[in-house]
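Read the structure below first, then the notes.
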Amino acid sequence: MSFPAVQGVHFRSCVIAELADAVSWAEVLLFRTFETVDLRSVWPNATNLRWIHASSAGVDRILDPALRESDWLLTNSGGILDRAIAEYVAAGILASVKKLPQAIRRQRERVWEHRGTSGVHGRHALVVGPGSIGRAIGGVLGALGMSVDASATSERPGDAEFARIRDVGRLPSYAGEYDVIVLAAPLTERTRGLVDAEVLEAMHSDAGLVNISRGPVVDEAALCAALAAGAIGWAVLDVFEVEPLPESSPLWGMDNVIVTAHLAGDADDFAERLWQLFEDNLQRYLQGLALVNVVDKQLGYVRR
């Protein structure tokens, strides 16, 4: 791995298994792994640590109680994944309503079969989590002609991306108003299990669910049951309660589900954009300036 040349800064890389030993000298730690890791053996050695940067927008994989209660700064990579994720969401929705997964299966079987499909123009979408990723999603869906609302921690007026912003605590009461619900919220104690059987039962039978946030935001067993029963029409899932998704999961075999391996934010310029963000923040850190993308460790996300 090549590192940027920053005067007065010494870079060192390691794998997770080496981190407990390597972190003792580090003042700044850049997490580039997307694995869920147990850091209890690492933090006691981090005597010089001042700042941690996560290469993802979500920080739930590393935000354990010790980090939450520490004095260390925590920043995330919000902003560099937005466009790629928004494109993934749009692609997943269009593929689902145009029934492309079913068409691909018929192609492999060499079966000519006409299927009725629908569209997205004039349909209603709800984005749960109006952060930077959610706003990018709202902008792309709006450009496709969809009417887009958002759900957040409190009710507030709409803005450029969203016609209205609704209280996520009341989600079961209005979930049935939407053709598509897109989950873009961080995983916190408040959002864990947010989309449960009650929310799924409130959705209409043609509606779809897209999850690019974190698997535990959805009750996966309830989702499988709703999809199998036809209570909702389809799902596009990039994240799961257990990753990799076990071979035994019924989601693999469902015709109305698109399963991808946590790749919604992938883009060929990801590494370049990550380093640009990190270098900018590193210069700010060296100059004693305020960092960007500082996570509120009690909330679990960047306060906007």
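Brief remarks on what is shown
- Residue match in the range 269-276 (condition: within 17 Å of Ile52 (Cα to Cα), out of contact with any Ser or Thr (no Cβ under 6 Å at 6 or more places or on another chain) and not assigned by TED's automatic domain parsing to the domain that holds Ala185): yes
- Number of the exception - Glu189 against (1) touching a Lys or Arg at 6+ places or on another chain (Cβ under 9 Å); (2) in the same structural domain as Gly131 (by TED's automatic domain parsing); (3) of a type outside the set (A, V, I, L, M, F, W, C); (4) more than 22 Å from Lys98 (Cβ to Cβ): (1)
- Only one of Ser151, Ser173 that is in contact with a Pro (Cβ under 9 Å, 6 or more places away or on another chain) and of a type in the set (Ser, Thr, Tyr): Ser151
- Any chance Leu223 is assigned to a helix (DSSP H, G or I), closer than 24 Å to Gly265 by Cβ and aliphatic (A, V, I, L, M): yes
- Qualifying residue in the range 2-16 (condition: touching a residue at least 60 places away in the same chain (Cβ under 8 Å), out of contact with any His (no Cβ under 9 Å at 6 or more places or on another chain) and outside any loop (DSSP other than H, G, I, E, B)): no
- Across the range 67-101, the number of residues qualifying as surrounded by 22 or more Cβ atoms within 10 Å (Cβ to Cβ), part of a loop (DSSP other than H, G, I, E, B) and either of a type in the set (Phe, Trp, Tyr) or in contact with a Lys or Arg (Cβ under 6 Å, 6 or more places away or on another chain) (or both) comes to 1.
- Residues of the range 237-280 satisfying the condition of being surrounded by 12 or more Cβ atoms within 10 Å (Cβ to Cβ) and in a helix (DSSP H, G or I): Pro250, Leu251, Phe270, Ala271, Arg273, Leu274, Trp275, Gln276, Leu277, Phe278, Glu279, Asp280
The values are calculated or read from the model by the stated rules, or taken from the named source; none is laboratory data. Quantities reported herein were computed from a predicted structural model and do not represent experimental measurements. In this analysis, Cβ positions are derived from the backbone assuming ideal geometry, glycine residues included, and neighbour counts consider all displayed protein chains.
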